[in-house]
Amino acid sequence: MKSYNLSHLRELEAESIYVIREVAAQFEKPALLFSGGKDSIVMLHLARKAFWPARLPFPLVHIDTGHNFDETIAFRDRLVEKIGARLIVGSVQESIDSGRATEEKGFNASRNALQTVTLLDTIEEHKFDAAMGGARRDEEKARAKERFFSHRDEFGQWDPKNQRPELWNLFNGKKLIGEHFRVFPISNWTEMDVWQYILLENIDLPSLYFSHEREVIKRDGMWLAASEYLNLKDTEEVERKVVRFRTIGDMTCTGAVESPASTLQDIISEVAASRITERGGRADDKRSEAAMEDRKKAGYF
């Protein structure tokens, strides 16, 4: 008798597809949060596998800060058109214009945290009862506390001390009216798993992830992309560097790394040798020791 063994990537894939199918089975109106970054792209790839050959039974939701990289938005629109998905865009600019969110001022102003208001408004407007995200436990200590099915109260807030047990892949999606769940199907993946899976499945990515020449400024040990959204200090100068991005978010807080990695194989080798965490280049996580947890308690991704 032949033995049947799965590689660790295929085991992770099977687990994630199981979670995504549980979401479709347990909730009435789920959505997939899609930022155009590698994790949400892998999530979308897994969701398409989960329901293939049928179309996705839920829409994609992108919370657009208005300060995103042009490459990210162009990639998002091409991918959505290619697969025929339904895309809902929540606009941070509209939240600011309506008085629901307040634009930050100063050199470190960013719209990243303002996404919480727009995200919660979008969830409420469309009555989503489950929002799947591409967060992973290895990214950041607050995300390590999340369960696969993470409960949010009627205000969209997260209580890390009040989570439901998850035994033997039993997920409890029961909720009261007005509450919803955040679901993280790739929680058990690492950054390396994601890159190896992208290589295995030949998944297309935005060009930002690969080495390219770009105008950047050095701030607090990070290379930030020069843009009209970044307020420059008198001591800061725009330089041209060969860089790439390990994460993709708002331009004002997403740091680049100097890198010659131009292929997936190069990136995997680089990540394996790196001694800096993936989110070590995110200015939004450096605002305080508990910056991510504070944002998540308020309703962030």
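What to note about this one:
- Within the stretch 35-70, the set of residues being closer than 24 Å to Gly178 by Cβ and under 15 Å from the mean Cα position of the chain (by Cα) comprises Leu60, Val61, His62, Ile63.
For every residue, the table says whether it meets (1) part of a helix (DSSP H, G or I); (2) among the acidic types (Asp, Glu); (3) at pLDDT below 95.
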residue	(1), (2), (3)
Leu56	no, no, no
Val61	no, no, no
Ile88	no, no, no
Phe107	no, no, yes
Glu124	yes, yes, no
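- Residues in the stretch 253-265 that are of a type outside the set (A, V, I, L, M, F, W, C) and buried (at least 22 other Cβ atoms within 10 Å of the Cβ): 2 in all.
- Count of residues meeting criterion [open to solvent by 10 Å² or more (accessible area, probe 1.4 Å), in contact with an Asp or Glu (Cβ under 7 Å, 6 or more places away or on another chain) and over 14 Å from Trp195 (Cα atoms)] in the stretch 240-252: 3
- Only one of the numbered conditions (1) over 15 Å from the mean Cα position of the chain (by Cα); (2) over 29 Å from Phe148 (Cβ atoms); (3) touching a residue at least 60 places away in the same chain (Cβ under 8 Å) is not met by Leu12, and that is (2).
- Taking strands (runs of 3 or more DSSP E) as the structural unit, those lying wholly within the stretch 152-235 and holding at least 3 residues that are open to solvent by 70 Å² or more (accessible area, probe 1.4 Å) correspond to 212-219.
- Within the set Glu104, Glu140, the sole residue that is open to solvent by 20 Å² or more (accessible area, probe 1.4 Å) and more than 16 Å from the chain's Cα centre (by Cα) turns out to be Glu104.
- Residues that are charged (D, E, K, R), within 15 Å of the chain's Cα centre (by Cα) and open to solvent by 20 Å² or more (accessible area, probe 1.4 Å) within the stretch 107-137 comprise just one, Arg137.
The values are calculated or read from the model by the stated rules, or taken from the named source; none is laboratory data. Quick caveat, the model's predicted, so the values are computed rather than measured. No Cβ is skipped: glycine too gets one built from the backbone with ideal geometry, and neighbour counts run over all protein chains shown. Just the protein is used for accessible areas: all its heavy atoms, side chains included, with ligands, DNA and RNA removed. Shrake-Rupley method; radii C 1.70, N 1.55, O 1.52, S 1.80 Å.
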